[in-house]
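*Asks:* I have a structure here, written as C-alpha coordinates, and I will follow up with some questions on it.
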Amino acid sequence: GQSKHEALINQWRAKVKASDFNNVCQTMPLFIKTFHEQFKVSGKASNWGDHVLSYSLDDSKTIVIKYEDLLLDAKKELHKILEWYDVDAEHKVDDVVKRFTFKNQSQRNPGQEDTTSFLRKGVAGDWKNYFNQEAEELFSQYYGDALRKYEYV
(Lines give C-alpha, C1' and ligand atoms only; values in the text may rest on other atoms or scores of the structure.)
Protein backbone atom coordinates (compact mmCIF):
# COMPACT_ATOMS: atom_id res chain seq x y z
CA GLY A 1 0.00 0.00 0.00
CA GLN A 2 0.80 3.65 -0.34
CA SER A 3 2.04 5.71 2.58
CA LYS A 4 0.02 8.75 3.61
CA HIS A 5 2.86 10.91 2.23
CA GLU A 6 2.80 9.16 -1.18
CA ALA A 7 -1.00 9.39 -1.37
CA LEU A 8 -0.87 13.15 -0.75
CA ILE A 9 1.81 13.59 -3.40
CA ASN A 10 -0.25 11.63 -5.92
CA GLN A 11 -3.38 13.60 -5.04
CA TRP A 12 -1.63 16.92 -5.80
CA ARG A 13 0.04 15.54 -8.92
CA ALA A 14 -3.41 14.67 -10.27
CA LYS A 15 -4.61 18.21 -9.58
CA VAL A 16 -1.57 20.01 -11.00
CA LYS A 17 -1.48 18.03 -14.25
CA ALA A 18 2.13 18.88 -15.12
CA SER A 19 3.80 17.11 -18.01
CA ASP A 20 7.09 16.44 -16.18
CA PHE A 21 7.18 16.46 -12.38
CA ASN A 22 10.92 15.90 -12.42
CA ASN A 23 11.32 19.37 -13.93
CA VAL A 24 10.56 21.27 -10.72
CA CYS A 25 11.24 24.72 -12.23
CA GLN A 26 8.68 24.09 -14.97
CA THR A 27 6.14 22.55 -12.59
CA MET A 28 6.43 25.09 -9.75
CA PRO A 29 4.22 27.82 -11.32
CA LEU A 30 1.52 25.24 -12.02
CA PHE A 31 1.75 23.94 -8.47
CA ILE A 32 1.59 27.43 -6.92
CA LYS A 33 -1.46 28.36 -8.99
CA THR A 34 -3.25 25.06 -8.35
CA PHE A 35 -2.42 25.03 -4.64
CA HIS A 36 -3.57 28.65 -4.27
CA GLU A 37 -6.86 27.96 -6.04
CA GLN A 38 -7.71 24.50 -4.71
CA PHE A 39 -6.27 24.03 -1.21
CA LYS A 40 -8.92 23.56 1.45
CA VAL A 41 -8.92 23.13 5.21
CA SER A 42 -12.02 21.41 6.59
CA GLY A 43 -13.74 22.03 3.25
CA LYS A 44 -13.05 25.78 3.30
CA ALA A 45 -10.77 27.44 0.73
CA SER A 46 -7.46 28.43 2.27
CA ASN A 47 -4.07 29.61 1.10
CA TRP A 48 -0.59 30.15 2.47
CA GLY A 49 -0.86 33.94 2.66
CA ASP A 50 -4.13 33.95 4.58
CA HIS A 51 -2.78 31.25 6.89
CA VAL A 52 0.42 33.17 7.67
CA LEU A 53 -1.35 36.50 8.10
CA SER A 54 -3.96 34.95 10.41
CA TYR A 55 -1.27 34.66 13.08
CA SER A 56 -0.53 38.36 12.98
CA LEU A 57 -4.05 39.57 13.68
CA ASP A 58 -2.81 40.54 17.13
CA ASP A 59 0.95 41.10 17.02
CA SER A 60 1.09 41.31 20.82
CA LYS A 61 0.18 37.62 20.94
CA THR A 62 2.56 36.50 18.22
CA ILE A 63 6.25 35.68 18.26
CA VAL A 64 7.94 35.34 14.89
CA ILE A 65 10.74 32.81 14.56
CA LYS A 66 12.16 32.46 11.06
CA TYR A 67 13.98 29.40 9.79
CA GLU A 68 16.70 31.63 8.37
CA ASP A 69 17.27 33.19 11.80
CA LEU A 70 17.42 29.77 13.47
CA LEU A 71 20.13 28.74 11.02
CA LEU A 72 22.12 31.92 11.68
CA ASP A 73 21.86 31.90 15.47
CA ALA A 74 19.73 29.18 17.04
CA LYS A 75 20.75 30.17 20.58
CA LYS A 76 19.57 33.75 20.07
CA GLU A 77 16.21 32.55 18.74
CA LEU A 78 15.75 30.12 21.63
CA HIS A 79 16.53 32.91 24.09
CA LYS A 80 13.86 34.98 22.35
CA ILE A 81 11.34 32.15 22.80
CA LEU A 82 12.25 31.60 26.46
CA GLU A 83 11.90 35.30 27.16
CA TRP A 84 8.57 35.46 25.32
CA TYR A 85 7.13 32.65 27.44
CA ASP A 86 8.96 33.78 30.59
CA VAL A 87 10.54 30.34 31.00
CA ASP A 88 13.79 29.77 32.85
CA ALA A 89 15.50 27.02 30.87
CA GLU A 90 18.79 28.75 30.13
CA HIS A 91 20.69 25.70 31.33
CA LYS A 92 19.17 23.61 28.50
CA VAL A 93 19.77 25.94 25.53
CA ASP A 94 23.17 24.56 24.51
CA ASP A 95 21.93 20.97 24.69
CA VAL A 96 18.77 21.73 22.71
CA VAL A 97 20.68 23.57 19.99
CA LYS A 98 23.17 20.73 19.69
CA ARG A 99 20.55 17.97 19.73
CA PHE A 100 18.35 19.56 17.07
CA THR A 101 20.90 20.58 14.47
CA PHE A 102 20.11 19.48 10.93
CA LYS A 103 23.08 17.12 11.04
CA ASN A 104 21.96 15.39 14.24
CA GLN A 105 18.34 15.14 13.10
CA SER A 106 18.99 13.98 9.53
CA GLN A 107 22.40 12.30 9.78
CA ARG A 108 23.43 14.50 6.82
CA ASN A 109 25.36 17.75 6.51
CA PRO A 110 23.41 20.90 5.60
CA GLY A 111 23.23 21.06 1.82
CA GLN A 112 23.08 17.28 1.38
CA GLU A 113 19.62 16.89 -0.08
CA ASP A 114 17.15 14.06 0.44
CA THR A 115 14.01 14.94 -1.52
CA THR A 116 12.05 12.17 0.22
CA SER A 117 12.76 13.46 3.74
CA PHE A 118 10.88 16.10 5.73
CA LEU A 119 14.38 17.33 6.58
CA ARG A 120 15.17 17.87 2.93
CA LYS A 121 18.30 20.02 2.72
CA GLY A 122 18.84 22.15 5.82
CA VAL A 123 19.73 25.43 4.11
CA ALA A 124 17.97 28.76 3.69
CA GLY A 125 17.12 30.28 0.33
CA ASP A 126 17.10 27.05 -1.67
CA TRP A 127 13.74 28.08 -3.13
CA LYS A 128 15.69 30.27 -5.56
CA ASN A 129 16.91 27.08 -7.25
CA TYR A 130 13.33 26.00 -7.98
CA PHE A 131 11.37 29.19 -8.64
CA ASN A 132 11.65 30.51 -12.17
CA GLN A 133 10.53 34.08 -12.88
CA GLU A 134 6.92 33.00 -13.46
CA ALA A 135 6.80 31.14 -10.12
CA GLU A 136 8.36 34.07 -8.28
CA GLU A 137 5.85 36.52 -9.82
CA LEU A 138 2.88 34.26 -9.00
CA PHE A 139 4.02 33.76 -5.42
CA SER A 140 4.53 37.48 -4.99
CA GLN A 141 1.14 38.25 -6.57
CA TYR A 142 -0.70 35.80 -4.30
CA TYR A 143 1.29 36.23 -1.11
CA GLY A 144 3.02 39.60 -1.32
CA ASP A 145 1.24 40.93 1.79
CA ALA A 146 2.58 38.08 3.93
CA LEU A 147 6.06 38.34 2.40
CA ARG A 148 6.16 42.07 3.18
CA LYS A 149 4.71 41.64 6.69
CA TYR A 150 7.54 39.30 7.65
CA GLU A 151 10.20 41.23 5.73
CA TYR A 152 11.01 38.67 3.08
CA VAL A 153 10.71 41.35 0.38
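The values are calculated or read from the model by the stated rules, or taken from the named source; none is laboratory data. Please read these numbers as outputs of a predicted model, since none were measured by experiment. Cβ sites come from the backbone with ideal geometry, for glycine too, and all protein chains shown count toward neighbours. Surface accessibility is based on the protein's heavy atoms, side chains included, excluding ligands, DNA and RNA. Shrake-Rupley method; radii C 1.70, N 1.55, O 1.52, S 1.80 Å.
*Asks:* Expressed in nm to one decimal, what extension gain is obtained for the pair GLU37 and VAL52 from 0.36 nm per residue of sequence separation less their Cα-Cα distance?
*Replies:* Fully extending the segment from GLU37 to VAL52 adds 3.8 nm.
*Asks:* Next up: For HIS5, put the label point 7 Å out on the Cα→Cβ axis and report which residues of segment 13-36 keep their amide N under 11 Å from it.
*Replies:* none
*Asks:* For helix 24-38, report the angle its Cα long axis makes with the longest principal axis of the Cα atoms of the chain; keep it between 0 and 90° and round to the nearest 10°.
*Replies:* 90 degrees
*Asks:* Tell me the carbon and sulfur percent of the accessible area for segment 74-142, rounded to whole percent, probe radius 1.4 Å.
*Replies:* 50 percent
*Asks:* If you don't mind, there's one more thing I want to ask. Could you point to the residue in PHE100, ALA74, TRP12 farthest towards the positive end of the chain's charge dipole, with +1 and -1 charges on the Cβ of Lys/Arg and Asp/Glu respectively?
*Replies:* TRP12
*Asks:* Hey, another quick one. Measure nothing fancy, just the Cα-based angle from helix 4-16's long axis to the longest principal axis of the chain, in degrees from 0 to 90, nearest 10.
*Replies:* 50 degrees
*Asks:* For segment 72-153, what does the alpha-carbon gyration tensor say about shape, rounded, prolate or oblate, given a ≥ b ≥ c as the root eigenvalues, a/c under 1.5 as rounded, and a/b over b/c as prolate?
*Replies:* In terms of gyration-tensor shape, oblate.
*Asks:* Further question: In angstroms, what radius of gyration and Dmax does the chain have, counting Cα atoms only?
*Replies:* 18.2, 53
*Asks:* May I ask you to evaluate 6.51 cos²θ - 1.76 cosθ + 1.60, the Karplus curve with θ = phi - 60°, for each residue of segment 113-123 and list the ³J(HN,Hα) values in order in whole Hz, giving x for glycine and proline?
*Replies:* So the Karplus estimates, Gly and Pro as x, are 8, 10, 5, 8, 9, 4, 8, 5, 9, x, 10 Hz.
*Asks:* Counting alpha carbon pairs within less than 8 Å and at least 6 residues apart, what relative contact order, in whole percent, applies to the chain?
*Replies:* 26 percent
*Asks:* Now, a different point. So who's got an amide H within less than 5 Å of the one on TYR55, skipping anything under 5 residues away but keeping other chains? H placed 1.01 Å off N, in plane.
*Replies:* none
*Asks:* Rounded, prolate or oblate: pick one for segment 48-100, where a ≥ b ≥ c are the square roots of the eigenvalues of its C-alpha gyration tensor, a/c under 1.5 means rounded, and failing that, prolate if a/b is larger than b/c, else oblate.
*Replies:* Oblate, because a/c is 1.5 or more while a/b does not exceed b/c.
*Asks:* Any chance you could count the Lys pairs in segment 1-82 whose alpha carbons are under 23 Å apart, treating pairs 8 or more apart or on different chains as valid?
*Replies:* 17
*Asks:* Multiplying the sequence separation of GLU90 and GLN107 by 0.36 nm and subtracting their Cα-Cα distance, what value in nm do you get?
*Replies:* Contour length minus Cα-Cα distance gives 3.5 nm.
*Asks:* I'd like to check one number: the per residue accessible area of the chain, probe 1.4 Å, reported in Å² as a whole number.
*Replies:* Each residue of the chain exposes 75 Å² on average to a 1.4 Å probe.
*Asks:* Right, here's the next one. How are the Cα pair distances of segment 2-64 distributed, in percent, across 5 Å bins from 0?
*Replies:* 3, 15, 18, 20, 17, 12, 8, 5, 2, 0
*Asks:* Keeping the other protein chains in place, figure out the carbon and sulfur percent of the accessible area of segment 1-69, with a 1.4 Å probe.
*Replies:* 55 percent
*Asks:* In nm, what is the difference between 0.36 nm times the number of residues separating THR115 and ILE65 and their Cα-Cα distance?
*Replies:* 15.6 nm
*Asks:* Quote the charge dipole size of segment 9-153 about the Cα centre in Debye, to the nearest 20; the model charges only the Cβ of Lys and Arg (+1) and of Asp and Glu (-1).
*Replies:* The dipole magnitude comes to about 600 debye.
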